[in-house]
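First up is the structure itself, then whatever we jot down about it.
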Amino acid sequence: MGAHAAFLQWREVPFARRAQRMREAAQILRTRRAEYARTMTTEMWKPIVQAEAEVDKCAWVCEYYADHAEAFLAEQPRETQASRSYVRFDPLGPVLAVMPWNFPFWQVFRFAAPALMAGNAGILKHASNVPRSALAMEEVFREAGFPRGLFSTVLVGPSAVAGLIADPRIVAVTLTGSELAGSKVAEQAGYALKKTVLELGGSGPFIVLADADIGAAARTAADARLINSGQSCIAAKRFIVGEPVADQLLERYLHELSSRRMGDPLARETQVGPQARVDLRDSLHQQIAESVKRGAKLLLGGEVPARKGAFYPPTLLAAVDKGMPAFDEETFGPVAAVIRAKDEADAVRLANDSAFGLGASLCTQDRVRAERMAAQIEAGAVFVNSLVTSDPRLPFGGIKRSGYGRELS
């Protein structure tokens, strides 16, 4: 059965039965947690402990939307002159999902769980370096009892995406990826008059104010920068620190970054694995070299290790400023750029001085101050005393060149 035929059948299925299938998918994920985690790790080198956590999160999003989709999509009555008026939410049809390699399971389930619970079908065009992950997820939905063809994987290259978008059976497109990929998909979908959601790059600010708990901020900053070996669009990348505590934060941050273990991603003690590809590692290194050439101060890392694999060590740059790649561009790897701010207003200015607007973090012990500043920061989400994460309970997406629309909404 094709995706469109499966959709026509699935949209008539009551929410309770859809939820049964989605809970079964969650159970399959939990049962095969170790298998799926190893698949991710051996395809794109995610540290195995983080891969296991990713499978757990996928099961959670399945359960969350199984529990809440019906209420989220309930009719909304409106008072008008008519005898009865209401807003209702109907499924659209097959949705094309163009997904990246860095969170090969989560990015897909983040789209698929709400989309399928809403009555849609999903067609996955995954990154070319994670085909086993793509096929494994198709198998999860099939074994969970979803109609055959409702969620399917197409193993094609980027050049095939335009044809898929143009297919009249595809009604909408969601993409998580680069600015270039997003602009191409937006252009193609716009020509075909199809809805799109784009979640693109980020250069997230992580602001540390003078009243912050510096030890906790340094630990959180290291976690925020090194998650997935630094290969995350929502990872903090620019660390904006109030001048009174900048030296103290730098000392603590240097210790935290240097203490993280880099090594075999299948070893449970590993916290930083290799980058997904050698060419990506080399491009990252060029950004660091150019930033140093333009005046950044290298405090840690910054050298390609003499070992097999696309490894790049946790790297810390200070004295970073506008005009350097470490400030202006997305650095997709374990590289932290520290920028000093004169005061609160300067910190907000620096945070917003970016083409991106995906996520931001803010460290302070003053909640009122935090909420005031959060409203001034140009980002899709602002987290206080925490790293940025995507959460099934909250809509997720960015502004500016980080994209538009929201997943999990």
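The values are calculated or read from the model by the stated rules, or taken from the named source; none is laboratory data. Computed from a prediction, not measured in an experiment: that's the story for all the values here. Here the Cβ positions follow ideal geometry from the backbone for every residue, glycine too, while neighbour counts run over all protein chains shown.
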Tally of residues being outside any helix (DSSP H, G or I) and either touching a Lys or Arg at 6+ places or on another chain (Cβ under 8 Å) or not assigned by TED's automatic domain parsing to the domain that holds residue 386 (or both) across region 212-238: 3
Evaluation of residue 346 against (1) without any contact (Cβ under 8 Å) to a residue 24 or more places away in the chain; (2) of a type in the set (D, E, K, R); (3) under 17 Å from residue 237 (Cβ atoms) (one fails), failing number: (3)
Residue among 195, 184 that alone is out of contact with any strand residue (DSSP E or B) (no Cβ under 8 Å at 6 or more places or on another chain) and within 25 Å of residue 358 (Cα to Cα): 184
Filtered residue count, region 202-232, keeping only those that are hydroxyl-bearing (Ser, Thr, Tyr) and at positive phi: 1
Any hit, region 276-294, residues being free of Cβ contacts under 8 Å to residues at least 60 places away in the same chain and in a loop (DSSP other than H, G, I, E, B): yes
Near pairs, Cβ below 7 angstrom, 6+ apart or cross-chain, from region 351-376 (assigned by TED's automatic domain parsing to the domain that holds residue 340) to any residue that is loosely packed, with under 15 Cβ neighbours inside 10 Å: 353/322; 357/399; 361/386; 364/211; 365/211; 365/213; 366/211
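Rundown of residues vs (1) outside the structural domain of residue 129 (by TED's automatic domain parsing); (2) of a type in the set (Asp, Glu); (3) over 18 Å from residue 107 (Cβ atoms); (4) crowded, with 20+ Cβ neighbours inside 10 Å, yes/no style:
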| position | (1), (2), (3), (4) |
| --- | --- |
| 21 | no, no, yes, yes |
| 24 | no, yes, yes, no |
| 35 | no, yes, yes, no |
| 38 | no, no, yes, no |
| 53 | no, no, no, no |
| 61 | no, no, no, yes |
Given (1) under 18 Å from residue 351 (Cα atoms); (2) assigned to a helix (DSSP H, G or I), number of the condition residue 258 does not satisfy: (1)
Answer residue from region 328-383, given it is surrounded by 18 or more Cβ atoms within 10 Å (Cβ to Cβ) and among the β-branched types (Val, Ile, Thr) and is farthest from residue 204 (Cα to Cα) among those: 364
Matching option when the condition is among the β-branched types (Val, Ile, Thr) and assigned to a strand (DSSP E or B), among 95, 161, 156, 140: 95
Elements of type helices (runs of 4 or more DSSP H) in region 1-72, at least 3 residues being more than 19 Å from residue 122 (Cα to Cα): 15-31, 33-44, 48-72
Qualifying position, being touching a residue at least 24 places away in the same chain (Cβ under 8 Å) and outside any helix (DSSP H, G or I), among 116, 175: 175
Residue tally, condition within 14 Å of residue 29 (Cβ to Cβ) and either aliphatic (A, V, I, L, M) or buried (at least 22 other Cβ atoms within 10 Å of the Cβ) (or both), over region 117-145: 6
Selected residue [out of contact with any Phe, Trp or Tyr (no Cβ under 9 Å at 6 or more places or on another chain) and under 23 Å from residue 321 (Cα atoms)] from 252, 238, 268, 225: 252
Residue 378 vs. criteria within 30 Å of residue 56 (Cα to Cα) and either aliphatic (A, V, I, L, M) or touching a Gly at 6+ places or on another chain (Cβ under 9 Å) (or both): no
Residue within region 120-142 that is among the hydroxyl-bearing types (Ser, Thr, Tyr), touching a residue at least 60 places away in the same chain (Cβ under 8 Å) and within 23 Å of residue 50 (Cβ to Cβ) present: yes
Positions within region 301-327 being surrounded by fewer than 18 Cβ atoms within 10 Å (Cβ to Cβ) and touching a helix residue (DSSP H, G or I) at 6+ places or on another chain (Cβ under 9 Å), in sequence order: 303, 304, 309, 321, 322
